[in-house]
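The values are calculated or read from the model by the stated rules, or taken from the named source; none is laboratory data. Just so you know, these numbers come straight off a predicted model, no measurement behind them. Cβ: placed from backbone, ideal geometry, glycine included. Neighbour counts: every protein chain shown.
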């Protein structure tokens, strides 16, 4: 018996090292699932690097069947979008005939291909669809504080057990008001009301944020998500003014640090001479995503000598922004391309005269370089909602903020039972 158990364990380990395992499909059917026979066998694994859909299928199926499945999939999914490390499943009958194929596009969807039962092997036909994976949304609230130990937005939320995607959403909401690279200080606090996505009792992501209150350096700002009649949902302050600004405060996520400020007298780290530094250097990991701070037209996307790979964008009002030392450009970024605020334009690198990976970010107005940390400090408030929309907005605002307060209060009572007495 012991040797049999050792043999079973060894067989399973070998199968896992090969990237997949075979097991009878005994899972309970999901909604709209295909009922599989007791003798069916399922091979499940992760897509290996550089694999094509055809090659993946040919590991278990004949070349003809594999080719016909690839052709069938094209109607709902581009086979070129196959990504490594995503889960796939191939199910066959006891005789080795194809029954079903699944490829999990992301946490929310999978492609399913099923052989129709009313076709012959000579002319196989398939039902192909992209299937949503159901999940439940649970309302939640969290309060994150900037401390000496947790001195960034990411670290503050992670200290409360939250995933990085939540502070990313918060940064998007307040991106026109706060530079999360430079403005945060110890004692600053962020309260957020949001939906937590759960599947089978397990956390799988976040839904929409509903409301947030941020206190930065004694300045409190409120954000409420609201959809006016005939419009998409957007973010507004407590008085019903839009939080969207013409320019974001920063082109980077919120963890990078300022490694070299805007100055007319800097000792160049490579050239060794004193010269102006007409931008701000943000130290950031290689490959960090860089986004356009405002809508505009790309003027330059190419090599620029000591600036390395650079993007320059022309905006309204006589403004231009420059992004230097990039490692790469995003697809579609070229001179003449139109970009919208928040679009990815490239990634942090170390090209040109650079001693380490960083972004040199510059702002120009009417030909004059401005300090990027202060250039957009006094932007005007956003457009207000119409007078007709305000009563409904105020009602939804009050409901959301009351829920935020109540949920945070309940959380504090749970963490500190003495607070309930």
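Values computed for the structure shown
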item: Test for residue 294: is it surrounded by 14 or more Cβ atoms within 10 Å (Cβ to Cβ), assigned by TED's automatic domain parsing to the domain that holds residue 357 and more than 24 Å from residue 374 (Cβ to Cβ); result: no
item: Residue match in the range 213-229 (condition: in contact with a strand residue (DSSP E or B) (Cβ under 6 Å, 6 or more places away or on another chain), at pLDDT below 90, under 21 Å from residue 177 (Cβ atoms) and crowded, with 19+ Cβ neighbours inside 10 Å); result: no
item: Single residue of the range 380-420 satisfying the filter (more than 27 Å from the chain's Cα centre (by Cα) and closer than 30 Å to residue 314 by Cβ) that is modelled with the highest pLDDT; result: 384
item: Strands (runs of 3 or more DSSP E) contained in the range 119-213 and holding at least 3 residues in contact with a helix residue (DSSP H, G or I) (Cβ under 8 Å, 6 or more places away or on another chain) and in contact (Cβ under 8 Å) with a residue 40 or more places away in the chain; result: 136-145, 189-199
item: Failed item, numbered, when residue 331 is tested on (1) without any contact (Cβ under 8 Å) to a residue 24 or more places away in the chain; (2) under 15 Å from residue 289 (Cα atoms); (3) not in a loop (DSSP other than H, G, I, E, B); result: (3)
item: Hey, residue 153 more than 20 Å from the chain's Cα centre (by Cα), assigned by TED's automatic domain parsing to the domain that holds residue 200 and within 17 Å of residue 216 (Cα to Cα) or not; result: no
item: Matching entry among 356, 352 (being touching a helix residue (DSSP H, G or I) at 6+ places or on another chain (Cβ under 6 Å), under 28 Å from residue 311 (Cα atoms) and assigned by TED's automatic domain parsing to the domain that holds residue 261); result: 352
item: Residue check for residue 382: within 29 Å of residue 179 (Cβ to Cβ) and crowded, with 17+ Cβ neighbours inside 10 Å; result: yes
item: Hits in the range 236-295 (condition: in a loop (DSSP other than H, G, I, E, B), more than 18 Å from the chain's Cα centre (by Cα) and at pLDDT below 75); result: 268, 269, 270, 271, 272, 273
item: Test set (1) within 26 Å of residue 204 (Cα to Cα); (2) surrounded by 17 or more Cβ atoms within 10 Å (Cβ to Cβ); (3) in contact (Cβ under 8 Å) with a residue 60 or more places away in the chain - residue 107 fails condition number; result: (2)
item: The listed residue being touching a helix residue (DSSP H, G or I) at 6+ places or on another chain (Cβ under 8 Å) and outside any loop (DSSP other than H, G, I, E, B), out of 412, 347; result: 412
item: Matching helices (runs of 4 or more DSSP H) fully within the range 1-112 where at least 2 residues are modelled with pLDDT under 85; result: 2-17
item: Which numbered condition residue 145 fails, given (1) outside the structural domain of residue 47 (by TED's automatic domain parsing); (2) exposed (fewer than 13 other Cβ atoms within 10 Å of the Cβ); (3) within 24 Å of the chain's Cα centre (by Cα); result: (2)
